[in-house]
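The values are calculated or read from the model by the stated rules, or taken from the named source; none is laboratory data. Quantities reported herein were computed from a predicted structural model and do not represent experimental measurements. Every residue, glycine as well, gets a Cβ built from its backbone with ideal geometry; the counts of neighbours run over all protein chains shown.
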Amino acid sequence: SQPFTVAIDGPAAAGKGTISKAVAGHFGFAHLDTGLLYRAVGARVLEGARAEEAAAALCAEDLGGDTLRTAAVAQAASKVATIPQVRAALVDFQRSFARRAGGAVLDGRDIGTVICPQAEVKLFVTARAEIRAARRYEELKTKGGVDSFETVLADVRARDARDADRTHAPMVAADDAILVDTSDLSIAAAVAKAIAAVDDVR
Ligand code: C5P
């Protein structure tokens, strides 16, 4: 079947991952969480590697594992994500994934603006920072995390600022993106909106 790309961007813990997985499952599309690419590079840098070299050497096997889901790796990811050479090294992999036969959902920060400006469907998923931090805090608590809500909120805000203010491929909604604010939406309602947006153009 023809390629079909769904681009889902937005800040941390807004619900992109949940929505992306649900949309991919519903339509039988493949899903790429592009944050994992930057997290994998960030993790290598924490181990002492140079960011540009880690990005150039990245392969699919580097993207698994819960070790990429920590707050330290998230902050390292958003730092390496400001480096143009790092972003450039990850473009081809993302674009090939997006154009694979059978359809693809990519979620990240710059999918609708830089990686796939021709995506058939673009969503920008947001929520108020306090709500996103509360969700992240609950998620970390179930994994035995010890950070306070205030720490998690500060982390979310620091990452938002770094992602939105950087020069190269900042986090911003594409002009033609559909905004989905999940602050006051259930997961089911947010997923239904996303599926309806795809159904509209398919
Ligand atoms: O989505 P996730 O929280 O896993 O992303 C980690 C970091 O990777 C983000 O804070 C952002 O700096 C970076 N990122 C990016 N572009 C993407 C996806 C993630 O800059 N497409």
- Message: So Ala194 passes all but one of these: (1) surrounded by fewer than 19 Cβ atoms within 10 Å (Cβ to Cβ); (2) in contact (Cβ under 8 Å) with a residue 60 or more places away in the chain; (3) away from the ligand (no atom under 16 Å from the Cβ). Which condition number does it fail?
- Response: (1)
- Query: How many residues, within region 57-68, are in a helix (DSSP H, G or I) and either farther than 14 Å from Tyr38 by Cβ or without any contact (Cβ under 8 Å) to a residue 12 or more places away in the chain (or both)?
  - Reply: 5
- Determine, yes or no, whether Thr142 is over 18 Å from Arg39 (Cβ atoms) and of a type in the set (S, T, N, Q). yes
- Within region 76-103, residues of a type in the set (Gly, Ala, Ser) and either more than 30 Å from Arg202 (Cα to Cα) or assigned to a helix (DSSP H, G or I) (or both) come out as Ala76, Ala77, Ser78, Ala81, Ala88, Ala89, Ser96, Ala98
- Message: Can you say whether Val156 is over 18 Å from Ala74 (Cβ atoms) and surrounded by 14 or more Cβ atoms within 10 Å (Cβ to Cβ), as far as the supplied structure shows?
- Response: no
- Query: Within region 168-191, can you find the residues that are free of Cβ contacts under 8 Å to residues at least 40 places away in the same chain and among the small types (Gly, Ala, Ser)?
  - Reply: Ser186, Ala188, Ala189
- Hey, Leu63 at pLDDT 95 or above and under 14 Å from the mean Cα position of the chain (by Cα) or not: no
- Task: Count, please, the residues in region 104-130 that happen to be more than 21 Å from Leu58 (Cα to Cα) and in a helix (DSSP H, G or I).
- Result: 4
- Query: For region 37-57, what are the residues that are under 23 Å from Val6 (Cβ atoms) and either among the small types (Gly, Ala, Ser) or surrounded by fewer than 20 Cβ atoms within 10 Å (Cβ to Cβ) (or both)?
  - Reply: Ala40
- Task: Mind listing just one residue for me: the one in region 66-125 that is among the hydroxyl-bearing types (Ser, Thr, Tyr) and near the ligand (Cβ under 9 Å from one of its atoms) and, of those, surrounded by the fewest Cβ atoms within 10 Å (Cβ to Cβ)?
- Result: Thr82
- Task: Select from region 1-35 the residues that are surrounded by fewer than 17 Cβ atoms within 10 Å (Cβ to Cβ) and assigned to a loop (DSSP other than H, G, I, E, B) and write down the one among them that is farthest from the chain's Cα centre (by Cα).
- Result: Ser1
